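Q: Got a structure for you, questions after.
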Amino acid sequence: MSENEIKNTPEIFLKPYDPKEHEKNIYKLWEESGYFNPDNLPGEREEAFTIVMPPPNANGSLHAGHGLVFTIEDIMVRFERMRGKKALWLPGADHAGFETQVVYEKKLQKEGRSRFGMDPKELYDEIMDFTLSNKSFMENQVRELGASCDWSRQKFTLDDDVIEIVYNTFKQLEEDELLYRGARIVNWCPKHQTSLSNLEVNYYERKDPFYYFQYGPFVIGTARPETKFGDKYVVMHPDDKRYSEYEHGQKIELEWINGPITATVIKDEAGDPEIGSGVMTITPWHSNIDFEIAKRHNLDYEQVIDWRGKLLPIAGEFAGMNITEAREAIVKKLDEKGLLVKIEENYEHSVPCCYKCDKEIEPQIREQWFVKMKPLAEKAVTALDAGEFKFITDRDERVFRDWMNKIDDWNISRQIVWGIPIPAKVCGSCGHGMVDLKDTIKKCTKCNGAVSPDPDTFDTWFSSGQWPLATTGFPDGKDFDTYYPTSVMETGKDIIFFWVSRMIMLGLYRTGKVPFRKVYLHGMVRDKHGQKMSKSKGNVIAPSEVQERFGTDALRMGLMVNNAPGSDMNLDVDKVNAYKKFANKLWNISRFTLDNLAGYDPQTKLTDTDTQNIKTHLTTAITEITDHMNKDRFDIAAERIYHFVWDYFASTLIEESKSLLNSEDVSVKASRQKLLAEYLTTSLKLLHPFMPFVTETIWQELPKELKDQDILMVAKWPDE
């Protein structure tokens, strides 16, 4: 027996594996090792592998979707770290502008307060305290999920250097004539008192009455009679022969809601002869289509509905009424005047609503900052065509291309306190906007009028759209040279437009390079019945609760197996419980193996039978699992390693080894000991990216003769 022979099984294996007993200590071991920081990794590492964490909103606890994000990304990073790459997972948190302010408004409401009437700085400071508190809590939850990210590099979207990059991009867009401030139709939420981008509007199919009114000699139709007070233009297609007797610009006197008006005939191709009578009146202030018609013909327009969804003085006796309450009264008055032709019940149409409160959006004309997106989109598509980046699934690529071809200019202004202030001055006389990073502009550069700071903030997606370049220290930081472009962007498929596409466009715009080489989009995490999780349904599964019951490793496996890229997955706690049992099975396998290594000598040669076993089973498993990992099919890899460990290692190999370990043939016993040791260490390595806590816990108890590194996290992947 040599000095290196293994004599005793560690006492830790005398009782079942308890995640609560080990997980915190293991994470502390990882952090203190310094290996989350790629600068400290052992060995010569030439090739960088980088993931910039999608920064979770620092306004509450992590949800099941976060659990999936951090599991997938940690699997990627641990795999590449074990393969000898300079692996960096850069963590961060998002101030999440509008989303966080909405959360805080609910808190204020419970306290009997409202943001309206509060001093802006006081509100900002309160939300900052709230956010930083949640940020700290959230980061601990990320740690509990096993995320092996480099906390020494963590970023916040309100860090000074991030804001500086955002401001410089804003200025660069102005210099390149891709930025403008103008009065255009925006999506206005009357409840939250802010404009929203087109992506922040949900459309719901709804059935409402559709009204037909007599408008002079014409019949017009509308589902929104409350907007019609300002209608003084009647539009028809120039080729509609039914109205050939009417000339463009012709004046017509008619009776309307609050008395006689003069209407003007407008011939425009936007008029559709196939819809209704082929004639429509327009409300340019409250309809994008109508606004475009008014711009083409230089027509004037007037606001009918105020910012809170109430009718303005132009509505006469209805002024001050909420538009939904006024609708019935307006129709009644028109009916009394003999102007109601008919009502079509159950008219099906798509209604735009705020994505946070589901209140109906009111289109409004407002001076806002817009980015011209088509030039940026064209460069993004060109980069995709050139293979500079790719999507994991063909479906995601098709969705990306389709949106890029239809992209609209982006309204980046928000009328909220919480966020990055827009560094600009606005003229009170002509409305002209001027980018002013250094706060030096005193007079309007267009009319020489008085100017004041723009009170708006940036859309949070404008700042987070620059996340990869901001977190890596663009333009001259060491990390930028080493880690940009990043290797992969992994996030939910639901934000391909909000975030992924904008990162690609802004990254290319500022750096000339794509921000990442690969896009991996996961689907939604649903409950076990495939239903969307929601508090109202009572089916929300919080990661922390599942971890408490079954352990983090079991949760991670439950999130990965049968979860193909881009597909929604159902999270069933019974499934998670099965992986808790699997963790204990691995624990028992380890105990059995170590129980039977007494007298083991590392110099032992394998028998021909055991050599063939390695080739037939172990090498095959390594090759297949590694291939799945390289193809980003972590779902298949997880299932393959599960069945390899349970069905072959535990159920077959260990059972057949029991008699061989008691063999009187010393060489047979010694060979089988070495074979089991090889299977155990290899299984721990293959499982580590998926189940890091239990595998590292076991690794720490292995005798040094079986390990190539003291810490499993930096051990060599089996195919290396």
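The values are calculated or read from the model by the stated rules, or taken from the named source; none is laboratory data. Values in this document were obtained by computation on a predicted structure and should not be read as measured data. FYI the Cβ positions are ideal-geometry reconstructions off the backbone, even for glycines, and counts take in every protein chain you see.
Q: With respect to Lys406, determine if the residue is surrounded by fewer than 18 Cβ atoms within 10 Å (Cβ to Cβ) and at pLDDT below 95.
A: Details: surrounded by fewer than 18 Cβ atoms within 10 Å (Cβ to Cβ): yes; at pLDDT below 95: yes.
For Lys406, the condition - surrounded by fewer than 18 Cβ atoms within 10 Å (Cβ to Cβ) and at pLDDT below 95 - is met.
Rundown of residues vs (1) touching a strand residue (DSSP E or B) at 6+ places or on another chain (Cβ under 6 Å); (2) free of Cβ contacts under 8 Å to residues at least 40 places away in the same chain; (3) surrounded by fewer than 18 Cβ atoms within 10 Å (Cβ to Cβ), yes/no style:
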{"residue": "Val341", "(1), (2), (3)": "yes, no, yes"}
{"residue": "Asn346", "(1), (2), (3)": "yes, no, yes"}
{"residue": "Ile365", "(1), (2), (3)": "yes, no, no"}
{"residue": "Pro375", "(1), (2), (3)": "no, no, yes"}
{"residue": "Glu378", "(1), (2), (3)": "no, yes, yes"}
{"residue": "Asp385", "(1), (2), (3)": "no, yes, yes"}
{"residue": "Glu388", "(1), (2), (3)": "no, no, yes"}
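Q: Restricting the first residue to region 391-406 and requiring it to be touching a residue at least 40 places away in the same chain (Cβ under 8 Å), which pairs with a second residue that is part of a helix (DSSP H, G or I) and not hydrophobic (A, V, I, L, M, F, W, C) meet a Cβ separation below 6 Å and a spacing of at least six or different chains?
A: Correct list of pairs: Phe391/Glu397.
Q: When you go through (1) out of contact with any Pro (no Cβ under 8 Å at 6 or more places or on another chain); (2) surrounded by fewer than 24 Cβ atoms within 10 Å (Cβ to Cβ); (3) not in a helix (DSSP H, G or I) one by one for Tyr104, which number turns out not to apply?
A: It is condition (3) that Tyr104 fails.
Q: Condition first: among the charged types (D, E, K, R) and either surrounded by 18 or more Cβ atoms within 10 Å (Cβ to Cβ) or touching a residue at least 60 places away in the same chain (Cβ under 8 Å) (or both). Now tell me which residues in region 527-547 satisfy that.
A: Residue satisfying the conditions is Asp527 alone.
Q: I'm trying to understand the selection: among the residues of region 659-679, which are polar (S, T, N, Q) and free of Cβ contacts under 8 Å to residues at least 60 places away in the same chain? Can you show your working first?
A: In the first step, residues of region 659-679 are kept if they are polar (S, T, N, Q); the result is 659, 662-663, 667, 671, 673.
Scanning region 659-679 gives Ser659, Asn662, Ser663.
Q: Another question, if that's okay. In region 285-320, what count of residues is obtained for those that are under 18 Å from Val265 (Cβ atoms), assigned to a loop (DSSP other than H, G, I, E, B) and of a type in the set (A, V, I, L, M)?
A: 1
Q: Among Ile654, Ile636, which is at pLDDT 95 or above, surrounded by 15 or more Cβ atoms within 10 Å (Cβ to Cβ) and closer than 30 Å to Gly523 by Cα?
A: Going through Ile654, Ile636 in turn, the sole match is Ile636.
Q: List, please: which pairs have Cβ atoms under 6 Å, are six or more places apart or on different chains, and start with a residue in region 188-207 that is in contact (Cβ under 8 Å) with a residue 40 or more places away in the chain and end with one that is among the aliphatic types (A, V, I, L, M) and outside any strand (DSSP E or B)?
A: Sorted first by the residue in region 188-207, then by its partner, the pairs are Thr194/Ile416; Val201/Ile361.
Q: Which of (1) farther than 22 Å from Leu506 by Cα; (2) in contact with an Asp or Glu (Cβ under 8 Å, 6 or more places away or on another chain); (3) of a type in the set (Val, Ile, Thr) is the odd one out, the single condition Thr222 does not satisfy?
A: Result: Thr222 passes all but (2).
Q: Output the qualifying pairs, or none if there are none: Cβ atoms under 8 angstrom, residues six or more apart or on different chains, first residue in region 323-339 and on the phi > 0 side of the Ramachandran plot, second residue polar (S, T, N, Q) and surrounded by 17 or more Cβ atoms within 10 Å (Cβ to Cβ).
A: Gly338/Gln214
Q: Of all the residues that make up region 628-682, how many are under 19 Å from Leu606 (Cα atoms) and in a loop (DSSP other than H, G, I, E, B)?
A: Summing the residues that are under 19 Å from Leu606 (Cα atoms) and in a loop (DSSP other than H, G, I, E, B) in region 628-682 gives 5.
Q: Just to be sure before I move on: is Asn59 in contact with an Asp or Glu (Cβ under 7 Å, 6 or more places away or on another chain), surrounded by 21 or more Cβ atoms within 10 Å (Cβ to Cβ), within 30 Å of Leu521 (Cα to Cα) and not hydrophobic (A, V, I, L, M, F, W, C) in the structure I sent?
A: Numbers: in contact with an Asp or Glu (Cβ under 7 Å, 6 or more places away or on another chain): yes; surrounded by 21 or more Cβ atoms within 10 Å (Cβ to Cβ): yes; within 30 Å of Leu521 (Cα to Cα): yes; not hydrophobic (A, V, I, L, M, F, W, C): yes.
Considered against the rule, which asks whether it is in contact with an Asp or Glu (Cβ under 7 Å, 6 or more places away or on another chain), surrounded by 21 or more Cβ atoms within 10 Å (Cβ to Cβ), within 30 Å of Leu521 (Cα to Cα) and not hydrophobic (A, V, I, L, M, F, W, C), Asn59 comes out as yes.
Q: Considering region 554-572 alone, what residues qualify as being in a helix (DSSP H, G or I) and in contact with a Lys or Arg (Cβ under 8 Å, 6 or more places away or on another chain)?
A: Of the residues in region 554-572, the ones in a helix (DSSP H, G or I) are 554-560.
Those that are in a helix (DSSP H, G or I) and in contact with a Lys or Arg (Cβ under 8 Å, 6 or more places away or on another chain): Ala554, Gly558.
Q: Can you pull out every residue in region 603-616 that is loosely packed, with under 14 Cβ neighbours inside 10 Å and part of a loop (DSSP other than H, G, I, E, B)? Spell out how you get there, then give the answer.
A: Quick first cut of region 603-616, residues loosely packed, with under 14 Cβ neighbours inside 10 Å only: 603, 605, 608-609, 611-612, 615-616.
Gln603, Lys605, listed by residue number.
Q: Given Leu68, Leu88, Leu29, which one is buried (at least 24 other Cβ atoms within 10 Å of the Cβ) and part of a helix (DSSP H, G or I)?
A: Numbers: Leu88 fails: part of a helix (DSSP H, G or I); Leu29 fails: buried (at least 24 other Cβ atoms within 10 Å of the Cβ).
When all the criteria are applied, what remains is Leu68.
Q: I've got another one for you. Pairs needed: first member in region 459-476, on the phi < 0 side of the Ramachandran plot; second member anywhere, of a type in the set (Lys, Arg) and surrounded by fewer than 24 Cβ atoms within 10 Å (Cβ to Cβ); C-beta distance under 6 Å; at least 6 residues apart or different chains.
A: Partner pairs satisfying both residue conditions: Leu469/Arg510; Thr471/Lys155.
Q: If Lys575 satisfies every condition in (1) modelled with pLDDT of 95 or more; (2) assigned to a helix (DSSP H, G or I); (3) surrounded by 15 or more Cβ atoms within 10 Å (Cβ to Cβ) but one, which is the exception?
A: Against the list (1) modelled with pLDDT of 95 or more; (2) assigned to a helix (DSSP H, G or I); (3) surrounded by 15 or more Cβ atoms within 10 Å (Cβ to Cβ), Lys575 comes up short only on (1).
Q: So is Phe516 surrounded by fewer than 22 Cβ atoms within 10 Å (Cβ to Cβ), touching a Ser or Thr at 6+ places or on another chain (Cβ under 8 Å) and modelled with pLDDT of 95 or more or not? Let's see the steps before the verdict.
A: On the way: surrounded by fewer than 22 Cβ atoms within 10 Å (Cβ to Cβ): no; touching a Ser or Thr at 6+ places or on another chain (Cβ under 8 Å): yes; modelled with pLDDT of 95 or more: yes.
For Phe516, the condition - surrounded by fewer than 22 Cβ atoms within 10 Å (Cβ to Cβ), touching a Ser or Thr at 6+ places or on another chain (Cβ under 8 Å) and modelled with pLDDT of 95 or more - is not met.
Q: Another question about this same structure. Going residue by residue through region 578-587, is there one that turns out to be surrounded by fewer than 16 Cβ atoms within 10 Å (Cβ to Cβ) and at positive phi?
A: Checked against the condition, which is being surrounded by fewer than 16 Cβ atoms within 10 Å (Cβ to Cβ) and at positive phi, region 578-587 yields no hits at all.
Q: Every residue in region 686-720 that is surrounded by fewer than 21 Cβ atoms within 10 Å (Cβ to Cβ) and of a type in the set (D, E, K, R), please.
A: Those that are surrounded by fewer than 21 Cβ atoms within 10 Å (Cβ to Cβ) and of a type in the set (D, E, K, R): Glu701, Lys704, Glu705, Lys707, Asp708, Asp710, Lys716, Asp719, Glu720.
Q: Which of the residues that make up region 229-247 are of a type outside the set (A, V, I, L, M) and within 18 Å of Tyr301 (Cβ to Cβ)?
A: Looking only at region 229-247, we keep the residues that are of a type outside the set (A, V, I, L, M), and these are 229-233, 237-247.
Answer for region 229-247, where residues must be of a type outside the set (A, V, I, L, M) and within 18 Å of Tyr301 (Cβ to Cβ): Phe229, Gly230, Asp231, Lys232, Tyr233.
Q: Scan Ile314, Ile323, Ile330 and give me the residue that is in the same structural domain as Thr222 (by TED's automatic domain parsing) and modelled with pLDDT under 95.
A: Working: Ile314 fails: modelled with pLDDT under 95; Ile330 fails: modelled with pLDDT under 95.
Being in the same structural domain as Thr222 (by TED's automatic domain parsing) and modelled with pLDDT under 95 holds for just one of Ile314, Ile323, Ile330, which is Ile323.
Q: Still on this structure, please answer the following. Return yes when Val645 is of a type in the set (Val, Ile, Thr), within 24 Å of Leu14 (Cα to Cα) and surrounded by 16 or more Cβ atoms within 10 Å (Cβ to Cβ) and no when it is not.
A: Details: of a type in the set (Val, Ile, Thr): yes; within 24 Å of Leu14 (Cα to Cα): yes; surrounded by 16 or more Cβ atoms within 10 Å (Cβ to Cβ): yes.
So Val645 passes the test.
Q: Has region 236-254 got at least one residue that is in a strand (DSSP E or B), within 30 Å of Ile407 (Cα to Cα) and touching a strand residue (DSSP E or B) at 6+ places or on another chain (Cβ under 7 Å)?
A: Kept after step one, since they are in a strand (DSSP E or B), are these residues of region 236-254: 236, 251-254.
Filter again for within 30 Å of Ile407 (Cα to Cα), leaving 236.
Subsequent filtering for residues that are touching a strand residue (DSSP E or B) at 6+ places or on another chain (Cβ under 7 Å) retains 236.
Yes, because at least one residue in region 236-254 is in a strand (DSSP E or B), within 30 Å of Ile407 (Cα to Cα) and touching a strand residue (DSSP E or B) at 6+ places or on another chain (Cβ under 7 Å).
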